[in-house]
Amino acid sequence: MTFYVYILGSKKRGRKKTYVGWTNNLIKRLQKHNSGKGAKSTKGRKWKIIYKKKYNLKIKAMSEEYYFKKNQKLRKYLSNKFL
């Protein structure tokens, strides 16, 4: 099975926000976030994928997700570059 780590970015009224997650179906997960059925913190915004990486092991994807959640500088850099 394939797993993805992803970073979503959104810009609303000039304010940028990012969200980090992992999934085995990237397109379906993005649709959930954009329809308001994703994570609580993603509701009310339109999201786009600003980073994704594919893994063969779930534990690797979860570990990378944890790294990105803790690395605010990297998330800010990606949001400035792609939003």
So how tilted is helix 72-82 from the main axis of the chain? Cα-based, degrees 0 to 90, rounded to 10.
70 degrees
Using 20 Å as the cut-off for backbone N distance, which residues of the stretch 41-83 belong to the label zone defined by a point 7 Å from the Cα of residue 11 along Cα→Cβ?
42-52, 73-83
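Please tell me the relative contact order of the chain in percent, rounded to the nearest whole number, where contacts are Cα pairs under 8 Å and at least six residues apart.
Working: 135 pairs, mean separation 32.7, N = 83.
Once divided by the residue count of the chain, the mean separation gives 39 percent.
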To the nearest 10 degrees, how steep is helix 26-35 against the longest Cα principal axis of the chain, on a 0 to 90 scale?
30 degrees
How much accessible area per residue does the chain have, in Å², with a 1.4 Å probe?
70 Å²
Leaving out ligands, DNA and RNA, what percent of the accessible area of the chain is carbon and sulfur, probe 1.4 Å?
51 percent
Mind pulling the angle between the C-alpha long axis of helix 58-70 and the longest principal axis of the chain? Nearest 10 degrees, somewhere in 0 to 90.
30 degrees
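The values are calculated or read from the model by the stated rules, or taken from the named source; none is laboratory data. Keep in mind it's a predicted model, so treat the numbers as computed, not measured. Neighbour counts run over all protein chains shown; Cβ positions are idealised from the backbone, glycine included. Note: areas computed on protein heavy atoms with side chains; ligands, DNA, RNA excluded. Shrake-Rupley method; radii C 1.70, N 1.55, O 1.52, S 1.80 Å.
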